[in-house]
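Derivation of every value follows stated rules applied to the coordinates shown; laboratory data play no part. Treat the numbers as computed from the prediction; the structure is a model and nothing was measured. Every residue, glycine as well, gets a Cβ built from its backbone with ideal geometry; the counts of neighbours run over all protein chains shown.
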Amino acid sequence: MEKPSTLNTDLPGLLANAEQAAAAGWQDELFVLYGHILTQSPDNLTALKGAARALLALRYLDDSAQAWRAALDVAPDDPEIQFQCGVTHFRRGEMKTAREFFDSARCVAPAHYGALGMNVLSRLYDADEDPAVLWRAQQDWAAQRVPSPFLSHPAAGQDPERPLRIGYLSSDFRAHSVGFNMLPIFQRFDRARFTIHAYAEVAHPDEAT
């Protein structure tokens, strides 16, 4: 996808350009486009959320947190904005503040599984967390998991010496610490004993993917 040679200045055109940039993963261009949109329409929720996401992707965490809070001022009961506020504070290392947002998201949307999972994850990174509280949070998370109807046990009587098939699913099979650390593990598997499948749920694949 090629970048547009000219910039639309009207609001519908800017939104269309922003949608194109988002699909292509052009974060720098996105931030500029959403800035133009917000100049014309300061409470445009699409632009506020888009700018916050772009800033987060560019690792401008303080600016992203400010943008998410501005979006929350416009839509205070939006659980996804509350969740993203929590994610931004999590990435800033502010675990308690992150959990407050995750809890707020679940107050509005009790079935928000991402907020529940991030609540537990933030506790793992909190040096002051009470182990008993962490254990209860982990039990709560496990209790709310719904078993997949597609999972089934292998049929009895299969050759016990057959290669074991292992599948890995991740959104971080890319130029990311998870991808870099998993690669040597994949390379060291005994191919006579294991068959390895990796599934990359990656929005924007790169050379590492």
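If I build a Gaussian network model for the chain, linking alpha-carbon pairs within less than 10 angstrom, which residue out of Leu116, Leu183, Leu11 has the largest mean-square fluctuation?
Leu183
If you compute Cα Rg over 2.2 N^0.38 Å for the structure shown, which of (1) 1.47; (2) 1.27; (3) 0.99 do you land on?
The value computed from this structure is option (2).
Specify the longest stretch of the chain that does not include any exposed loop site, a site being one of the GluC sites (Glu not before Pro) with a non-H, G, I, E, B DSSP assignment and at most 13 other Cβ atoms within 10 Å.
Numbers: sites that count: Glu2, Glu161, Glu201, Glu207.
Free of exposed loop sites, the longest segment is 3-160.
I'd like the distance separating the alpha-carbon centroids of the range 73-100 and the range 34-64, in whole Å.
Using only Cα atoms, the two centres lie 15 Å from each other.
So what is the relative contact order for the chain, in percent, with contacts set as C-alpha pairs under 8 Å and at least six apart? Intermediate results must be reported in sequence, preceding the final value.
Numbers: 224 pairs, mean separation 21.7, N = 209.
Once normalised by length, the contact order is 10 percent.
Of Gly13, Gly93, Gly167, which is the most mobile in a GNM of the chain whose springs link Cα atoms less than 10 angstrom apart?
Per the Cα network of the chain with a 10 Å cutoff, Gly167 tops the list.
Which one of Tyr34, Phe194, Pro110 has its Cα pushed farthest toward the positive end of the charge dipole of the chain, where Lys and Arg give +1 and Asp and Glu give -1 at the Cβ?
Positive-most Cα among the choices belongs to Phe194.
Run the paramagnetic zone check for Thr9: 7 angstrom along Cα to Cβ, then residues of the range 28-52 with backbone nitrogen under 14 Å.
36-37, 40, by backbone N distance to the label point.
Counting Lys and Arg as +1 and Asp and Glu as -1, each charge on the Cβ, what is the dipole of the chain about the Cα centre in debye, to the nearest 20?
Working: 19 positive and 27 negative charges, 149 e Å.
Around 720 debye, computed over the chain.
Show that you can apply the helix-only estimate: for the chain, add -39,500 (n - 2.57) for every DSSP H stretch of four or more residues, divide by all residues, and state [θ] at 222 nm to the nearest 500. Before the final figure, lay out each step's value.
Values: 9 runs with 119 residues, N = 209.
Value at 222 nm, helices only, nearest 500: -18000 deg cm²/dmol.
Given a cut-off of 17 Å, what percent of all Cα-Cα pairs of the range 77-146 lie beyond it? The partial results should precede the final answer.
On the way: 887 of 2415 pairs.
Percent of Cα pairs beyond 17 Å in the range 77-146: 37.
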